[in-house]
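Okay, structure first, notes after.
The values are calculated or read from the model by the stated rules, or taken from the named source; none is laboratory data. Values in this document were obtained by computation on a predicted structure and should not be read as measured data. For neighbour counting, all protein chains shown are included, and Cβ atoms are generated from backbone atoms with ideal geometry for every residue, glycine included.
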Amino acid sequence: MSNPKIYVDGEHGTTGLQILDRLKSRKNINLLSMPHEERRNPDARKALLNEADFAILCLPDDASREATSMVANGDTRLIDASTAHRTNPDWVFGFKELDPGHDRLIAKARFVSNPGCYSTGAIALIRPLTQNGLLDKSSLLSINAVSGYTGGGKNLIARIEDSTHDDAIASPHFLYATGLAHKHAPEITKHSLLKHTPLFSPSVGRFPQGMIVQVPLHISATNAASRDAVHACLAAHYDSSAHVRVASLDESKGIAKLDAAALAGKDTMDLHVFGNEHQINLVALLDNLGKGASGACVQALDLMLAG
C-alpha cells in the first residue's frame, strides 16, 4: 500500500501523543488529524475513522467500542490501545512475542488489541512457562508491579506534577487497586493460559516513565528442576525477538538493585530471573509508555503495514 492513511483517535492524550511522536518523521505514511476543537464532533470523527486505512484508538473503553462500531462496515483496520477488546476472540492480541508466528497473525489482522503495560510484563514472564509445562495452568500466582505515573493518563499526571491541582498527590509511592480487581487481570489470566486469576497488586511511583513487574515463585511449586530450567525456557522463547531480551543469569546475579526507569524512552523489555536454588523472582523491566503502550502500538502497526 502506497502512503497509507493513519489516524490516531485520541491523539491529544498521553499514549496518542507518544504514538504521533514515533510516526511524525516517517515519509511513507499520511497522518490524518482532527483539530482539537472538533474532537467531540461525532460526524467528523466517523469521517476520519473511515477515511483512514489504519486507525489507532487511544480512548476509554466505551469510546473504543463506539469507534469500532463506526467502521464495522468499512475497511479501516484498527489497533485498540484500550482494555475493551483484549479478551475478545475476534481481536488478535497485540503482543507480537506471544507465540512463534504470532507476529504473522497481527500482520494479517483487521482488529488488533494492544496489551496493557502491566499485562505485557506479566504475560511475557508467565506464558512460556505454562505453555511448556514448567508451571501448572492451575497455579495460584501473585504479581507485584510498580509503574511510572504517566500510565494513569492526564488526570494522574496533573495530580502528581501540579501541586495546585484540587486533588494533588504528594506521595512518593502509592498502592492502588486494593480490591484486587484491576482491569488488566482478565487479559493476564487469559493470555498467560491460567485457570485462576492471579493476585495482582499494582502501584505507582513518583517517576514519569518506567515499570517493574514481578512474579515470585518457589521452585518446589513449579515443574521446573531449577532456576536454570526456568531461565532456559524464557531464553528459548525470546531467542529471536528484537524487542524482548532475557538477561543472562550472570547478568542478573550481578544486579544489586533494579531501577524501574532504566528503560524509560525505549520500546524494548528486559526479563530477569533472580533468586537461588529454592526461590526465584521473575522480573520484567519496561517503559509503561514504550513496550507497554505506544511503542507496542507502533510495533503492531509496522507488522500490519508490511503484511
query: With respect to V298, is the statement that it is assigned by TED's automatic domain parsing to the domain that holds Q18 and either within 29 Å of A158 (Cβ to Cβ) or not small (G, A, S) (or both) true?
result: yes
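Taking Q209 as the residue in question, decide whether it is in a loop (DSSP other than H, G, I, E, B) and at pLDDT 95 or above.
Answer is yes for this residue.
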query: Residue check: is T222 at pLDDT below 95, surrounded by 14 or more Cβ atoms within 10 Å (Cβ to Cβ) and closer than 28 Å to S252 by Cβ?
result: no
task: Would you confirm whether any residue within segment 188-197 is assigned by TED's automatic domain parsing to the domain that holds L258, exposed (fewer than 12 other Cβ atoms within 10 Å of the Cβ) and without any contact (Cβ under 8 Å) to a residue 12 or more places away in the chain?
output: no
- prompt: Among S139, S240, which is within 26 Å of L303 (Cα to Cα) and among the hydroxyl-bearing types (S, T, Y)?
  reply: S240
message: Looking at segment 1-13 only, could you name the residues that are farther than 9 Å from L31 by Cβ and surrounded by 21 or more Cβ atoms within 10 Å (Cβ to Cβ)?
response: D9, G10
- line: Given (1) assigned by TED's automatic domain parsing to the domain that holds P202; (2) at positive phi, L134 misses just (2)
- request: Looking only at segment 21-41, count how many residues are in contact with a helix residue (DSSP H, G or I) (Cβ under 9 Å, 6 or more places away or on another chain), in contact (Cβ under 8 Å) with a residue 24 or more places away in the chain, more than 16 Å from A81 (Cβ to Cβ) and in a helix (DSSP H, G or I).
  value: 0
task: Please indicate, with yes or no, whether at least one residue in segment 80-89 is surrounded by fewer than 20 Cβ atoms within 10 Å (Cβ to Cβ) and among the charged types (D, E, K, R).
output: no
- prompt: What number of residues within segment 93-117 are assigned to a loop (DSSP other than H, G, I, E, B) and surrounded by 24 or more Cβ atoms within 10 Å (Cβ to Cβ)?
  reply: 6
- prompt: Would you call L175 within 22 Å of A229 (Cα to Cα) and out of contact with any His (no Cβ under 6 Å at 6 or more places or on another chain)?
  reply: no
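Matching residues to (1) touching a His at 6+ places or on another chain (Cβ under 7 Å); (2) in the same structural domain as A145 (by TED's automatic domain parsing); (3) in contact (Cβ under 8 Å) with a residue 40 or more places away in the chain:
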residue	(1), (2), (3)
D239	no, yes, no
A242	no, yes, no
S248	no, yes, no
K257	no, yes, no
H272	no, yes, no
Q279	yes, yes, yes
A284	no, yes, yes
message: Just checking, does segment 133-155 include any residue being within 26 Å of V204 (Cβ to Cβ), without any contact (Cβ under 8 Å) to a residue 12 or more places away in the chain and over 19 Å from the mean Cα position of the chain (by Cα)?
response: yes
message: Checking the conditions here, which among A47, A67 is free of Cβ contacts under 8 Å to residues at least 12 places away in the same chain and among the small types (G, A, S)?
response: A47
message: If I filter segment 262-270 for residues that are over 20 Å from I143 (Cα atoms), out of contact with any His (no Cβ under 9 Å at 6 or more places or on another chain), of a type outside the set (S, T, Y) and part of a helix (DSSP H, G or I), do I get at least one hit?
response: no
